[in-house]
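Report on the following structure.
The values are calculated or read from the model by the stated rules, or taken from the named source; none is laboratory data. Quick caveat, the model's predicted, so the values are computed rather than measured. Methodologically, a virtual Cβ is constructed for each residue, glycine included, from the backbone with ideal geometry; neighbour enumeration extends over all protein chains shown.
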Amino acid sequence: MRKLFRFVDWTLTPDREPDAPPILHMYRCLGEDEDGKPCGAEGPVCEDFETAQKWPFEHIKEQQEHRSYTHVAITPWLMVPGEEPN
């Protein structure tokens, strides 16, 4: 049995198809506790960016010295061939 393989150029691109999973957003606290340990508290994972942005405002009410955050975005991606392999 023989098999033939071709080299195909692939491109990695965000999935913008109508049935693509949603982009998700979340914030994580980068502040440190009094003993120097990272806080690491995380807000909820949300489809709506503005809803996700509300969490740092809630967290800082309880931890006023925690002023640094990171935004985590989960974005669906696709591998697209330059031409369809047959």
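Every residue in segment 21-43 that is out of contact with any strand residue (DSSP E or B) (no Cβ under 7 Å at 6 or more places or on another chain) and exposed (fewer than 12 other Cβ atoms within 10 Å of the Cβ), please.
Within segment 21-43, Pro21, Pro22, Glu34, Asp35, Gly36, Lys37 qualify.
Glu47 fails exactly one of the following numbered conditions: (1) surrounded by 11 or more Cβ atoms within 10 Å (Cβ to Cβ); (2) free of Cβ contacts under 8 Å to residues at least 24 places away in the same chain. What is the number of that condition?
(2)
Quick check on this structure: which one of Ala20, Ala73 is touching a His at 6+ places or on another chain (Cβ under 6 Å), modelled with pLDDT of 95 or more and small (Gly, Ala, Ser)?
Ala73
Any residue in segment 36-45 that is on the phi > 0 side of the Ramachandran plot and either at pLDDT below 95 or not in a loop (DSSP other than H, G, I, E, B) (or both)?
Within segment 36-45 (the criterion being on the phi > 0 side of the Ramachandran plot and either at pLDDT below 95 or not in a loop (DSSP other than H, G, I, E, B) (or both)), the answer is yes, since at least one residue qualifies.
Sort out which residues of segment 34-68 are touching a His at 6+ places or on another chain (Cβ under 9 Å), over 27 Å from Thr13 (Cα atoms) and not β-branched (Val, Ile, Thr), and write them in order of number.
Correct list: Cys39, Ala41, Gly43, Pro56, His59, His66.
If I go through segment 52-86 residue by residue, how many of them are free of Cβ contacts under 8 Å to residues at least 40 places away in the same chain and not hydroxyl-bearing (Ser, Thr, Tyr)?
Total satisfying the criteria: 18.
Among the candidates Arg6, Arg28, which residue alone is touching a Gly at 6+ places or on another chain (Cβ under 8 Å) and either in contact (Cβ under 8 Å) with a residue 60 or more places away in the chain or in a strand (DSSP E or B) (or both)?
Step by step, each of Arg6, Arg28 is checked, and only Arg28 is touching a Gly at 6+ places or on another chain (Cβ under 8 Å) and either in contact (Cβ under 8 Å) with a residue 60 or more places away in the chain or in a strand (DSSP E or B) (or both).
For the subset of segment 59-83 comprising residues that are of a type in the set (D, E, K, R) and either in contact with a Phe, Trp or Tyr (Cβ under 7 Å, 6 or more places away or on another chain) or part of a loop (DSSP other than H, G, I, E, B) (or both), which member is surrounded by the fewest Cβ atoms within 10 Å (Cβ to Cβ)?
In this case the residue turns out to be Glu83.
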